[in-house]
1. List pairs: first residue in the range 220-231 and acidic (Asp, Glu), second residue part of a loop (DSSP other than H, G, I, E, B) anywhere in the structure, Cβ distance under 9 angstrom, at least six positions apart or on different chains.
2. Is there any pair with a first residue in the range 36-57 that is over 10 Å from residue 10 (Cβ atoms) and a second that is of a type in the set (D, E, K, R) whose Cβ atoms are under 8 Å apart and which are 6 or more apart or on different chains, and what are they?
3. Would you check if residue 232 is surrounded by fewer than 16 Cβ atoms within 10 Å (Cβ to Cβ) and not aliphatic (A, V, I, L, M)?
4. Find the residue count for the range 20-46, including only residues that are of a type in the set (Val, Ile, Thr) and either buried (at least 18 other Cβ atoms within 10 Å of the Cβ) or assigned to a strand (DSSP E or B) (or both).
5. Before we move on, is residue 78 among the aromatic types (Phe, Trp, Tyr), modelled with pLDDT of 85 or more, surrounded by 15 or more Cβ atoms within 10 Å (Cβ to Cβ) and touching a Pro at 6+ places or on another chain (Cβ under 8 Å)?
6. In the range 201-250, how many residues are in a helix (DSSP H, G or I) and over 29 Å from the mean Cα position of the chain (by Cα)?
7. If you check every pair at least six apart or on different chains, which have Cβ atoms under 7 Å apart with a residue in the range 184-199 that is outside the structural domain of residue 173 (by TED's automatic domain parsing) first and a residue that is surrounded by 15 or more Cβ atoms within 10 Å (Cβ to Cβ) and modelled with pLDDT of 90 or more second?
8. Take residue 55 and decide whether it is part of a strand (DSSP E or B), in contact with a Pro (Cβ under 8 Å, 6 or more places away or on another chain) and under 22 Å from residue 107 (Cα atoms).
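The values are calculated or read from the model by the stated rules, or taken from the named source; none is laboratory data. If you're wondering where the values come from, they're calculated on a predicted model, not measured in any experiment. Using ideal geometry, Cβ is built from the backbone for each residue, glycine included, and neighbour counts are taken over all protein chains shown.
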Amino acid sequence: MESKLTAVIVEDELASRETLTSYLQKYCHEVYLVAEADSVKTGLEIIKKHKPDIVFLDIEMPYGNAFDLLEQIENISFDVVFVTAYSNYAIKALNMSASYYILKPISIDELIKAVDKIKSSRKEEELPIHSKILLENIQAVNKHNHKIVLPQLNGFDVVKINDIIRCKANDNFTEFYLTNGTKKLISRTLKFYEDLLKDFDFVRVHKSHLINIQYVTKYMKGKGGQVEMTDGSVVDVSVNQKAAFLEKFK
């Protein structure tokens with residue numbers, strides 16, 4: 001018989017705790033809920049006491065938030081499923097680290113999907129590294145030290161954003177070209193990564209290309225023009241994106 005995953009809920013809203021508890025009991029039979037808390041302080045207490053496999057963690061709470069709680073834990077040995085009302089900043093940070101999250105009002109399908117992903121990663125004996133990367137990014141003074149988690153079929157890669165030269169669309173996949181000469185094919189669209197990386201010196205220069213302007217070595221004029229990158233690649237600039245690209249160099 002498969003052993004159950006122990007879990008705690010840290011959520012300040014009683015109604016949300018009750019909904020999540022009910023959904024876990026009805027639809028996630030492999031999860032055994034051992035405790036609940038309604039604040040950062042009491043959440044910290046139950047995590048230290050029960051050492052759960054999963055923490056369902058509300059991002060915004062009175063007197064602190066999810067990140068304040070995680071910063072007080074020396075070694076994060078559990079998986080975190082963040083529960084949040086929509087927040088652009090929070091969602092972008094969570095996507096950067098490929099963290100598990102569900103939006104309020106809680107979707108049963110999204111809850112089941114998050115639990116299934118955790119079960120799968122634990123079978124593969126992957127370390128619960130997503131929350132660690134998330135915290136490192138939040139704490140980093142220089143945004144160029146931020147990291148991004150790139151999901152792969154057999155796990156994931158952790159890459160420094162500053163090591164990405166360019167990204168290229170390949171149907172519903174994105175090819176990442178890195179400073180060490182390697183290429184990674186990720187099962188997400190270029191639009192997804194454009195939204196994540198636009199605050200990090202990346203600019204969409206073509207429907208198929210997203211580039212890191214730190215690694216531009218040359219611009220060649222034309223209707224849209226072309227850009228040469230430090231890896232020797234030459235990327236077309238579309239007419240529609242030309243102004244946005246040139247604006248980066250003013």
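1. 231/179; 231/181
2. Between residues of the range 36-57 that are over 10 Å from residue 10 (Cβ atoms) and residues that are of a type in the set (D, E, K, R), the close pairs are 53/79; 53/122; 54/79.
3. Values: surrounded by fewer than 16 Cβ atoms within 10 Å (Cβ to Cβ): yes; not aliphatic (A, V, I, L, M): yes.
Yes.
4. So the first thing to find is which residues in the range 20-46 are of a type in the set (Val, Ile, Thr), and the list is 21, 31, 34, 40, 42, 46.
Add one more test, that the residue is either buried (at least 18 other Cβ atoms within 10 Å of the Cβ) or assigned to a strand (DSSP E or B) (or both), and what stays is 31, 34, 40, 46.
The total comes to 4.
5. yes
6. Here the count works out to 5.
7. Cβ pairs passing all conditions: none.
8. No: the conditions fail for residue 55.
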